Each structure stands twice: as C-alpha cells, then as structure tokens.
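In what follows, a structure is listed as structure tokens, so that the remarks can point back to it.
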C-alpha cells in the first residue's frame, strides 16, 4: 500500500523494505547527480585508494 506524506504523524517511524544497490543504480545516480568521483565508478582506483578496497555507492543511495 502506498504511503503519502499526509499519512504520517509527527514522530511516527516507518521502515522501507531492503534492496540491493546495483552497478546500474550507481551509474544512474552518477548521471543524475553529476558525481562521477572515482570512489564510486572506478574499481581499480578504489582498490588502491579506498579504505574499503572496493567501490562504494553514493551516500544518498543508502537512504
């Protein structure tokens, strides 16, 4: 069932279902936002420079 802004009360919490972020999601977000930082898009760069040793999704994709 769809929830609309008006359906929520102040202080009410709601948890959305989980979803796996795909490479297509990251690429689409990079196109939309213009954020092509290599930490998100370049696996080789990320292996060398990232503390995670892999690419990471844009923070907004985790919301």
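What is the fewest-to-most order of 5, 52 by other Cβ atoms lying within 10 Å of their Cβ?
Result, fewest neighbours first: 5, 52.
What is the angle, in °, between the Cα long axis of helix 23-33 and the longest principal axis of the Cα atoms in the chain? Nearest 10 is fine, range 0 to 90.
Roughly 80 degrees between the two axes.
I'm spelling it out carefully: the read-out is P(r) over Cα pairs in 5 Å bins from 0, in percent, the candidates are [x] 3, 20, 35, 30, 9, 2, 0; [y] 3, 15, 20, 17, 14, 10, 9, 7, 4, 0; [z] 4, 16, 24, 21, 19, 10, 4, 1, 0, and one was derived from this structure. Which label?
Computing P(r) over Cα pairs in 5 Å bins from 0, in percent and matching it to [x] 3, 20, 35, 30, 9, 2, 0; [y] 3, 15, 20, 17, 14, 10, 9, 7, 4, 0; [z] 4, 16, 24, 21, 19, 10, 4, 1, 0 gives [y].
Measure out, as a whole number of angstrom, how far apart the alpha-carbon centroids of the range 1-22 and the range 34-63 sit.
The range 1-22 and the range 34-63 have Cα centres spaced 27 Å from each other.
For n ≥ 4 DSSP H runs only, could you compute -39500 (n - 2.57) per run for the chain, divide by its residues and tell me the 222 nm figure to the nearest 500?
Taking each H run of at least 4 residues, the total per residue is -9000 deg cm²/dmol.
May I ask you to derive the relative contact order of the chain, considering only C-alpha pairs under 8 Å and at least 6 residues apart, and to give it as an integer percent?
Over the chain, the number comes to 24 percent.
Once R0 is set to 30 Å, what does the formula 1/(1 + (r/R0)^6) return for the Cβ-Cβ distance between residue 37 and residue 15, expressed as a FRET efficiency to the nearest 0.05?
0.55
Rule-based calculations on the coordinates, nothing more; no lab input. Here the structure is a predicted model, which is why all the values come from computation and not from measurement. Using ideal geometry, Cβ is built from the backbone for each residue, glycine included, and neighbour counts are taken over all protein chains shown.
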